[in-house]
Amino acid sequence: MATDGVKIIDGDLAFDIYSTFYEMYNKGESIDALKEKYEADKLINLGENVDYEICITAYALAFWEIGELTSDLLNEAKQIIAQKATVVDWTNEIGDYAGKARQRELDKFLKKISEPPKRPKKRKKAPKSTLSEKEKQFLSEAPNLRLAREHDNVIIQAEQLLEENPKCHEIRYELVECLSEKPSMALGQKFHTLTMEELNAYKSEHTDWKKIEDNCKYMISHRDCEYKEFSETKKKKMYNDWALRIYSQLYSALKEQKKYTEAIKYTEDLLEIISSFRPRNEENYDRFSTKYRRLYECYYLLNDFENLEKIKQRCKNDFPFVKKWDFEDWEKYC
């Protein structure tokens, strides 16, 4: 799997971790709760060296920014960076120049976080909430319930609250996240004894993909539908705040149900959103390429070889600086 971009917070996984961290922080979650979330996310990404590095470094940056980076986490960041997972991945996927760029970014990052921040970030004052007291209580308790593997409890409560207020997207996304991670967390210690193939097969079989699909589609159709009228800054915020995560969850749900044509449609929609505020250049390469890979996967699984060739040409036209496109690797992933 390709790394998410040269910078520390520069791609799907890193943005998801970083934004969730600050959502919790700004809502008043304790440092201990943030550390528990970090430990849980480490387990989820443990089997994939690239994702594991992205997870560790994203959390290290976030904790450093608020002045709570521990020596243990700093050492973890140093150890994982020394393994050069993303440097090797970028070098293999794009070329030597990309691997060197990633290494420079990691070197600067380690130097920065080795000293305390001059001005740690303070919690932002939350805007006046429109949530009911029951909704606020649920959102404050849900992270701890999930860490305690009480996912069924979270799902039941979320669905009851959504019956009363279907427009509460914070709760709906909490439901989607819970449905997605429930199978992995339910394994407990057995999680560490399975291969990645076994983990993926287990999750595929035990996840309610239809429910994830329905809730993601609801959020997409009821949020920021007129985004084309937004400023570039607001489009970027919309993408980072919710579109990135929801479209990614929806893609997984559609692909698992073999709804490849729909997965193509929503991936093209997401590409349109990204294109509205980001140019197709080296800095944004991975942001686009992961979405093109999704299109390629779906056309491959549909045996639509005509569109496979078109996607190959789109990749080459949009990113002429990439020396090698490993389409065979994409097919192996399928």
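Scaled against 2.2 N^0.38 Å for its residue count N, the alpha carbon radius of gyration of the chain is 1.00. Taking the chain as a Gaussian network of alpha-carbon nodes connected by springs under 10 Å, the highest mean-square fluctuation of the residues 168, 298, 178 belongs to 168.
Using unit Cβ charges (K, R positive; D, E negative) and no other charged atoms, how large, in debye to the nearest 20, is the dipole of region 234-334 about its Cα centre? Before the final figure, lay out each step's value.
Details: 22 positive and 18 negative charges, 85 e Å.
Computed about the Cα centre, the dipole is about 420 debye.
Taking only the alpha carbons of region 234-334, we obtain Rg and Dmax values of 13.5, 38 Å in that order. Taking other residues whose beta carbon is less than 12 angstrom from the beta carbon of residue 302, and scoring Lys, Arg as +1 and Asp, Glu as -1, yields -1. Computed over region 12-113, the range of Cα coordinates on each principal axis works out to 43, 26, 20 Å, biggest value leading.
How about region 260-334: which trypsin sites (Lys or Arg not before Pro) there are in a DSSP loop, with at most 11 other Cβ atoms within 10 Å of their Cβ?
Numbers: sites: 265, 280, 287, 291, 293, 294, 310, 312, 314, 316, 323, 324, 332; in loops: 280, 323, 324.
Loop-located and lightly packed - 323, 324.
Here's the list of lysines a cross-link from residue 312 could span, going by alpha-carbon distance under 24 Å and ignoring same-chain residues fewer than 8 apart: 255, 258, 259, 265, 291, 323, 324, 332. On the basis of the beta-carbon distance and an R0 of 25 Å, residue 328 and residue 269 show a calculated FRET efficiency of 0.35.
Can you sort 112, 182 by how many other beta carbons sit within 10 Å, fewest first? Please list the in-between numbers first.
Values: 112 12, 182 19.
With the fewest neighbours first, 112, 182 line up as 112, 182.
The helix-only estimate of mean residue ellipticity at 222 nm for the chain, built from DSSP H runs of length n ≥ 4 each weighted as -39500 (n - 2.57), is -22000 deg cm²/dmol after division by the residue total. For residue 119, the shell of other residues with beta-carbons less than 15 Å away shows a net charge of +3, using +1 for Lys and Arg and -1 for Asp and Glu. Computed from label points 7 Å out along Cα-Cβ, the spacing between residue 107 and residue 234 is 4.3 nm. Exposure proxy ranking for 242, 90, based on other Cβ atoms within 10 angstrom of each Cβ and starting from the fewest, stands as 242, 90.
Ordering 299, 218 by the number of other Cβ atoms within 10 Å of each residue's own Cβ, fewest first, gives 218, 299. From the alpha carbon centroid of region 183-256 to that of region 30-108 is 22 Å. Listed by chain and number, the aspartates and glutamates placed with their C-alpha closer than 15 angstrom to that of residue 118 are 65, 68; residues fewer than eight positions away on the same chain are left out.
No value in this document is a laboratory result; all are computed from the given coordinates. On a predicted model such as this, the values are computed, not experimentally measured, just so you know. Reconstructed Cβ throughout: ideal geometry from the backbone, glycine too, with neighbour counts over all protein chains shown.
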